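Taken together, the values in this text are just the output of simple stated rules run on the coordinates, not laboratory data. All figures in this text were calculated on a predicted structure; none of them were measured in a lab. We place every Cβ from the backbone using ideal geometry, glycine too, and count neighbours over all the protein chains shown.
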Amino acid sequence: MKIPGNSRSKGLLKIVAAAVLAVVFVGCSVDRRLAKEFVEETPKPPVVFKKPDKFYMVSYRETDKDTTGLKSWQVDSIRFYESKYLQHLDEEKLKDNFSQAFDKEMENLGFDVYQGKEVASLIGNDTVKPIIISFPQMEMNEYMELYRDRGYVGNQVYYKNMELNAIDLNTWLKLARHRTDQQKVFYMQDSITDYIDGYFYRDRKAGKVKYRYEEHILEKGDIYEFMKDMGRNYAQYVYDYYLNRFIDLNRDKAGQRRFLYHYDPVEQKFILINQMPWTEMETNSSDKF
């Protein structure tokens with residue numbers, strides 16, 4: 001059974017993240033001190049990582065075939081086999097690209113990651129409570145997205161409407177703690193589309209305003225690379241979750257936090273964000289960890 005969720009994102013041009021990055025925080029504060037302590041000194045718990053299980057590919061492109069009287073799964077099947085991208089993608093390669101990038105980034109961020117046969121010895125240790133990270137469902141959608149470019153020539157505004165090839169990735173992430181009933185489930189959505197670089201100009205010879213543009217049409221290779229990017233991004237989201245949880249547990253409870261922290265491991269600096277780039281789903285567990 002598919003997990004319900006919003007499956008029609010309207011991302012624009014590149015990979016879209018839900019978080020809104022703010023200015024780099026340079027002042028000295030308790031929160032920043034705790035953030036630095038988490039990054040530099042706090043031991044990270046071991047992680048059991050489970051490769052994505054359910055992976056659905058659904059096309060929302062319109063079909064010219066008469067679908068009157070057909071069941072929804074039959075229409076989905078027709079659209080899939082008429083899709084420009086999905087029918088030609090290797091599902092296992094998509095999952096492998098994502099999983100390998102996620103695993104490597106978690107290791108780079110200081111977590112010891114266990115998979116496969118390695119897990120037995122870890123969970124058999126009564127004194128260890130590893131974090132169990134899984135992706136119970138992923139869904140890739142293909143569709144056409146309306147894109148409107150706007151520009152000025154003189155004081156007059158002009159518009160150009162185009163349709164772009166678009167791919168959404170809808171992901172459910174589960175964080176659990178072994179030997180406890182603690183768990184969290186989060187939903188994320190990211191997109192990649194054709195890339196358009198255009199501008200309006202006045203063609204004096206023709207006596208009218210024209211639109212000139214260059215375009216990068218989405219290719220299969222872009223989608224495979226997109227999955228690697230998402231693996232790295234989602235590992236960073238997990239890291240930021242525990243970073244902010246550490247701050248919440250150790251800070252002075254007086255006063256409410258206005259911002260969360262994102263840690264940039266490349267620049268080794270903290271960035272303030274308004275919110276985490278996911279939606280928390282309701283679960284039976286109210287515990288935070």
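A few points about this structure:
- Helix 72-81 and the long axis of the chain differ in direction by around 70°, with both axes built from C-alpha atoms.
- Relative contact order of the range 46-243, defined on C-alpha pairs under 8 angstrom at six or more residues apart (%): 25
- Angle between the chain longest axis and helix 91-108 axis [Cα atoms, degrees, rounded to 10]: 50
- Between Gln115 and Met162, the C-beta separation translates, for a Förster distance of 45 Å, into a calculated FRET efficiency of about 0.55.
- For the range 46-243, the alpha carbon positions stretch 80, 48, 27 Å along the principal axes, listed from largest to smallest.
- Taking the longest Cα principal axis of the chain as reference, the axis of helix 30-40 is set at about 90 degrees.
- Spin-label pair Asp66/Ile217, simplified geometry with 7 Å Cα→Cβ offset, distance in nm: 3.1
- Length-normalised contact order of the range 31-101 in % [C-alpha pairs under 8 Å, at least 6 apart]: 32
- With all pairs of different C-alpha atoms in the average, the Kirkwood value for the hydrodynamic radius of the range 133-289 is 19.5 Å.
- Estimated FRET transfer efficiency (Lys210, Gln87; beta-carbon r; R0 30 Å; 0.05): 0.25
- Within straight-line cross-link reach of Lys160, lysines at Cα separation under 30 Å, skipping those fewer than 8 residues along the same chain: Lys10, Lys14, Lys65, Lys84, Lys205, Lys208, Lys210, Lys220
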